[in-house]
Amino acid sequence: VLGRRLIAVILSGMGRDGARAVPALVRAGATVLVQHPEDCPVPSMPETAIKASPQVRAIHLEVLGSTLKRLVEG
């Protein structure tokens, strides 16, 4: 429904459940950001999301807020 207006953010975590929707989100035109694995206490969730699509962007925590602001403001 939201397509290109949707911004999904996947943060540190175990497993793969948070990354399952990545292919569908990318196909719908959503922007998918993940916490950079280097910044994660448990990087398996962001790493799985990155592997799910080359469209996923890994963002370091110190710039995540400003990146989201820029994307929302267009």
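Okay, here's what the table says:
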quantity	calculated
Normalised per residue, the volume of the convex hull around the Cα set of region 3-73 (Å³)	66 Å³
Computed [θ] at 222 nm, deg cm²/dmol, the chain (DSSP H ≥ 4; -39,500 (n - 2.57); rounded to nearest 500)	-11000 deg cm²/dmol
Segment residue 63-residue 24, extension gain: residue separation times 0.36 nm, minus the distance between their alpha carbons	11.5 nm
Where trypsin sites (Lys or Arg not before Pro) fall in DSSP loop in the chain, at most 11 other Cβ within 10 Å	none
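None of the figures in this text is laboratory data; all of them are computed from the coordinates on show. Being a predicted model, the structure only gives us computed values, none of them experimental. Cβ sites come from the backbone with ideal geometry, for glycine too, and all protein chains shown count toward neighbours.
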